[in-house]
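Report on the following structure.
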């Protein structure tokens, strides 16, 4: 009887592993790979003055997006910019998200007077600027100024 019980336990264990554990492990692994891929390709980061200055001085391609939580245009831009930042073409561009309300010195130094403004740099020099644009094709063209 104990042999039969043992075989039954093994069958139940195999059934449990096949039906529950394998899909769970597969889902966790897929999520981990997706997370790693997203982090590796996403170039959107919260604004950091020291990091921005270092990138700009090094001549790296950067864009600064002045975002306000209450701004409907900013909310429309956000998913478009995130999608663009995740595309391989724009992987070299660091997209800094600056808080329009709190980054007063940055706004002043760049001459930004409105939220939803995007300022693009290449080689430490401003190459392009846009305010209020919510079209993905023209936002892509704007970011290309940091690459060409």
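Derivation of every value follows stated rules applied to the coordinates shown; laboratory data play no part. Model, not experiment: these values are computed from the prediction. In this analysis, Cβ positions are derived from the backbone assuming ideal geometry, glycine residues included, and neighbour counts consider all displayed protein chains.
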Order these by the 10 Å Cβ neighbour count, fewest first: 135, 129. 135, 129
Ranked 60, 104, 122, criterion: other C-beta atoms within 10 Å, fewest first: 104, 60, 122
Give me P(r) over the range 42-144, computed from all C-alpha to C-alpha distances, binned every 5 Å, as integer percentages. 2, 14, 27, 28, 20, 8, 1
